[in-house]
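Q: Quick one: structure below, then a few questions.
The values are calculated or read from the model by the stated rules, or taken from the named source; none is laboratory data. All values reported here derive from a predicted model rather than from experimental measurement. Neighbour counts are summed over all protein chains in view; Cβ atoms, including those assigned to glycine, are modelled from backbone coordinates with ideal geometry. With ligands, DNA and RNA removed, areas are computed over all heavy atoms of the protein, side chains included. Shrake-Rupley method; radii C 1.70, N 1.55, O 1.52, S 1.80 Å.
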Amino acid sequence: MDPAILIFNTALEAAEACGDRILELLADARNDRGIATVAVSGGSTPRLMFQSMAKRAFDWTAVEIFQVDERAVPPDHDLSNFRMMRETLLSRITIDEPRIHRMRGELPPAEAAREYTDDIRRVFRLGEKELPVFDVIQRGMGPDGHTASLFPGEPLIADRAGIVAALHSEKMKQDRITLLPGVLERARHTLCLVSGNDKAAALREVLKGAADPMSFPSQIALGKSIWYVDKAAAARL
Ligand code: 6PG
């Protein structure tokens, strides 16, 4: 199945549409199963999306919100994905604190990854070796085609058994904690939000190029993904 590609005039329109679709999918999941689970990305692109979601009259009851990845920094650090999400979304909505699942970047990365794996296992009531099925996973894409904290050439791109891992990105000079491909592939709905002309070349490779997720990790779960992109990022499609 080919990915669905929705092209918007501006980054704001793409962000609003992606955020609105996430809320629709969460409401459907809660109606179907009494609970909704979502994992969202960090970086800068989701800021507009989170700000838009926070303005919507949405009931966050029974929504469990997780992180796709995090930098190994404390939650008040400028680089913290959680800080960005707290400032643009969590501080502006009514949601039960225990349903906010933060990757604890202040811990040694491997310990943070183990702890997050245990948290996911508890919430999803997973058996041994079982992987979670998120209702929604929202991902971004870097100019190099990375997604989550899976950068080109990262051996963990081949991991289909694990849930969360810690890794060091030489390129970013950062330690990271990230959901793994096996989890990304199982999401009921994968929404990728990409904007800016610096993403145009990678987006073309990811969406139109040969299948090569080791070089273009954003191709993980490509067949069942929906792409919310602005015209600038779509310039090479
Ligand atoms: C992170 C993100 C990462 C992000 C891309 C795009 O921790 O940086 O989770 O995967 O989605 O790097 O980042 P921008 O939105 O800043 O372009």
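Q: Please state which one of LEU184, LEU126, LEU156, LEU131 is open to solvent by 10 Å² or more (accessible area, probe 1.4 Å) and either part of a helix (DSSP H, G or I) or touching a strand residue (DSSP E or B) at 6+ places or on another chain (Cβ under 6 Å) (or both).
A: The unique qualifying residue is LEU156.
Q: While we're on this one: Hey, does segment 18-25 have a residue that's over 22 Å from GLY142 (Cα atoms) and exposed (fewer than 14 other Cβ atoms within 10 Å of the Cβ)?
A: Yes, segment 18-25 contains at least one residue that is over 22 Å from GLY142 (Cα atoms) and exposed (fewer than 14 other Cβ atoms within 10 Å of the Cβ).
Q: Of all residues in segment 79-115, which are of a type in the set (S, T, N, Q), open to solvent by less than 60 Å² (accessible area, probe 1.4 Å) and more than 11 Å from the ligand (Cβ to nearest atom)?
A: Answer for segment 79-115, where residues must be of a type in the set (S, T, N, Q), open to solvent by less than 60 Å² (accessible area, probe 1.4 Å) and more than 11 Å from the ligand (Cβ to nearest atom): just THR88.
Q: Mind listing whichever residues of segment 38-69 are away from the ligand (no atom under 12 Å from the Cβ), assigned to a loop (DSSP other than H, G, I, E, B) and hydroxyl-bearing (Ser, Thr, Tyr)?
A: THR61
Q: While we're here: Would you confirm whether or not segment 187-204 contains a residue that is within 9 Å of the ligand (Cβ to nearest atom), in contact with a Leu (Cβ under 6 Å, 6 or more places away or on another chain) and not β-branched (Val, Ile, Thr)?
A: Checked segment 187-204: no residue is within 9 Å of the ligand (Cβ to nearest atom), in contact with a Leu (Cβ under 6 Å, 6 or more places away or on another chain) and not β-branched (Val, Ile, Thr).
Q: Something else now. Filter segment 64-78 down to the residues that are surrounded by fewer than 23 Cβ atoms within 10 Å (Cβ to Cβ) and more than 16 Å from the chain's Cα centre (by Cα) and list them by number.
A: VAL73, PRO74, PRO75, ASP76, HIS77, ASP78
Q: So, ILE177, is that one outside any helix (DSSP H, G or I) and either within 11 Å of the ligand (Cβ to nearest atom) or at positive phi (or both) or not?
A: Spelling it out, ILE177 is indeed outside any helix (DSSP H, G or I) and either within 11 Å of the ligand (Cβ to nearest atom) or at positive phi (or both).
Q: Of all the residues that make up segment 3-37, how many are of a type in the set (S, T, N, Q) and either touching a helix residue (DSSP H, G or I) at 6+ places or on another chain (Cβ under 7 Å) or in a helix (DSSP H, G or I) (or both)?
A: Here the count works out to 1.
Q: Can you confirm whether ARG102 is in a helix (DSSP H, G or I) and either more than 17 Å from THR190 (Cα to Cα) or among the acidic types (Asp, Glu) (or both)?
A: Considered against the rule, which asks whether it is in a helix (DSSP H, G or I) and either more than 17 Å from THR190 (Cα to Cα) or among the acidic types (Asp, Glu) (or both), ARG102 comes out as no.
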